[in-house]
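Below is one structure, written out as structure tokens, with a few remarks after it.
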Amino acid sequence: MILEVIPDAEQGMSYTLPAFRLNGKVVAGFAAFKNHLSYLPHSGSVFPQLPEEVAPYKTSTGALQFPIDEPLPKSLVEKLVKVRIEQAFPA
């Protein structure tokens, strides 16, 4: 889904986890665990920008956890990526 939102992103690894870069900057990533999946914005200031949207999920500074059998809504991924890109590449 991340590639659907940012098709120009380069796939790679960051901190030994799958990551997506734009112009050399990591803007999104994910991780899989036994009991959950995590969306990784690679910035501790993304989730505070979207408090209502991330409220249903368990979050830490750098990860948003969600159930293995319930993908994140595309609209949420779009918002998360948009905030991160705006931070990474300020106008």
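The values are calculated or read from the model by the stated rules, or taken from the named source; none is laboratory data. Since the model is a prediction, treat every value here as computed from it, not as a measurement. Neighbour counts are summed over all protein chains in view; Cβ atoms, including those assigned to glycine, are modelled from backbone coordinates with ideal geometry. What goes into the accessible areas is simple: the full protein's heavy atoms, side chains included, and nothing from ligands, DNA or RNA. Shrake-Rupley method; radii C 1.70, N 1.55, O 1.52, S 1.80 Å.
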Condition broken by Asn23, with the remaining ones in (1) open to solvent by less than 50 Å² (accessible area, probe 1.4 Å); (2) touching a residue at least 60 places away in the same chain (Cβ under 8 Å) satisfied: (1)
Residues of the range 67-83 that turn out to be open to solvent by 60 Å² or more (accessible area, probe 1.4 Å), farther than 18 Å from Asp8 by Cβ and free of Cβ contacts under 8 Å to residues at least 12 places away in the same chain, as a count: 3
Every residue from the range 5-20 that is free of Cβ contacts under 8 Å to residues at least 40 places away in the same chain and either in contact with a His (Cβ under 8 Å, 6 or more places away or on another chain) or assigned to a loop (DSSP other than H, G, I, E, B) (or both): Pro7, Asp8, Ala9, Ser14, Tyr15, Thr16, Ala19
Matching residues, the range 53-63, being touching a residue at least 24 places away in the same chain (Cβ under 8 Å) and either under 17 Å from Ile85 (Cα atoms) or surrounded by fewer than 16 Cβ atoms within 10 Å (Cβ to Cβ) (or both): Ala63
Pair list, Cβ < 6 Å and 6+ apart or interchain, from the range 28-52 residues that are under 11 Å from Leu64 (Cα atoms) and open to solvent by less than 20 Å² (accessible area, probe 1.4 Å) to residues that are at pLDDT 95 or above and of a type in the set (Val, Ile, Thr): Val46/Val83; Phe47/Val54; Phe47/Thr59
